[in-house]
Every structure is written in C-alpha cells, then in structure tokens.
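Visitor: Here it is: the structure, laid out below.
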Amino acid sequence: MDCLFCKIIKGEIPSEKVYEDDLVYAFKDISPMAPVHILIIPKKHISTINDIEEYDESVIGHIFTVANKIAKELGIDEEGYRIVSNCNKNAGQTVFHVHFHLLAGKELITTLG
Ligand code: AMP
Ligand code: ZN
C-alpha cells in the first residue's frame, strides 16, 4: 500500500522513533509546530477517523495511554500538552493514515477553529 506512515512503520522511510509496541508507533514530526511535536499512529492502516471501527477502539484508546507515557518520560505531563487529530480536507489532513499530534514545550495558541 502506498502509505507514507505504513512505510515509516516498516522502516522503509526513516523516522526518529520515540516509542513502539505491538499496536502503536510514535515518532518526531518532520516539520515541528512546537518544541515537542510527536506523531502517534496505530500500526494498523486506518485512513481517517471516519474509518475507525468498533474493533479499533482498543488501539485508539491505547494511543492515549501511550501519549501520557511519552509525556511523563519527556517531563511535559504537568506543564501540559495538546493532542490533535485532523480528519479530511477541512481539518487539513495531509497524510491518510490516522495520527495523533502530541504538541508541547510552549504555551500553545488556544484557538482551535
Ligand atoms: P496532518 O496534516 O494532520 O495530516 O499531519 C501530517 C503530519 O505529518 C504533518 O505535521 C507533517 O509534518 C508530518 N510528516 C509528513 N511527512 C513526515 C515524515 N516523513 N516524517 C515525520 N513526519 C512527517
Ligand atoms: Zn498507512
């Protein structure tokens, strides 16, 4: 499948790995929008949030446990962070493999829309 993030998971495209387990892979965003900008993705290819099915709930939930583990390891859990996931055109999704941006390291702009 011609998916950038599937290739990153397989190691066919290099990435700066932050965390990996059986279900999830996390790596540094190539174009950071904040001092900490990590992408957390399911290893299973899911194109958009619209394609998440009930049987994906465990992996999607697990992503948030991984996020707080990463936040604690980086020492940003108390000062705070933001998790963002974009779906399709109006949200600006550019890579069609579901991913969660973990942003931190500064006071983030508070407007969401
Ligand atoms: P989105 O716009 O929500 O689909 O987010 C896609 C993100 O993937 C952007 O923040 C990009 O900077 C990031 N990105 C694209 N290519 C790579 C790559 N090869 N390695 C790491 N991050 C990437
Ligand atoms: Zn993929």
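Just so it is clear, none of the values below were taken in a lab; they were calculated from the coordinates. For clarity, every value in this text was computed on a predicted model and none was experimentally measured. So basically every Cβ, Gly included, is an ideal-geometry build from the backbone, and we count neighbours across all protein chains shown.
Visitor: Among the residues of region 19-26, are any within 14 Å of ligand 1 (Cβ to nearest atom), within 12 Å of the chain's Cα centre (by Cα) and β-branched (Val, Ile, Thr)?
Guide: Within region 19-26, none of the residues are within 14 Å of ligand 1 (Cβ to nearest atom), within 12 Å of the chain's Cα centre (by Cα) and β-branched (Val, Ile, Thr).
Visitor: Does region 97-113 hold any residues that are surrounded by fewer than 17 Cβ atoms within 10 Å (Cβ to Cβ) and aromatic (Phe, Trp, Tyr), and which are they?
Guide: None - no residue of region 97-113 is surrounded by fewer than 17 Cβ atoms within 10 Å (Cβ to Cβ) and aromatic (Phe, Trp, Tyr), so the list stays empty.
Visitor: Taking only region 7-42 into account, find how many residues are touching a residue at least 24 places away in the same chain (Cβ under 8 Å), over 25 Å from LYS106 (Cβ atoms) and surrounded by fewer than 17 Cβ atoms within 10 Å (Cβ to Cβ).
Guide: 2
Visitor: Still on this structure, please answer the following. Among the residues of region 32-45, which ones are more than 13 Å from ligand 1 (Cβ to nearest atom), within 21 Å of CYS3 (Cα to Cα) and more than 12 Å from the chain's Cα centre (by Cα)?
Guide: LYS44, HIS45
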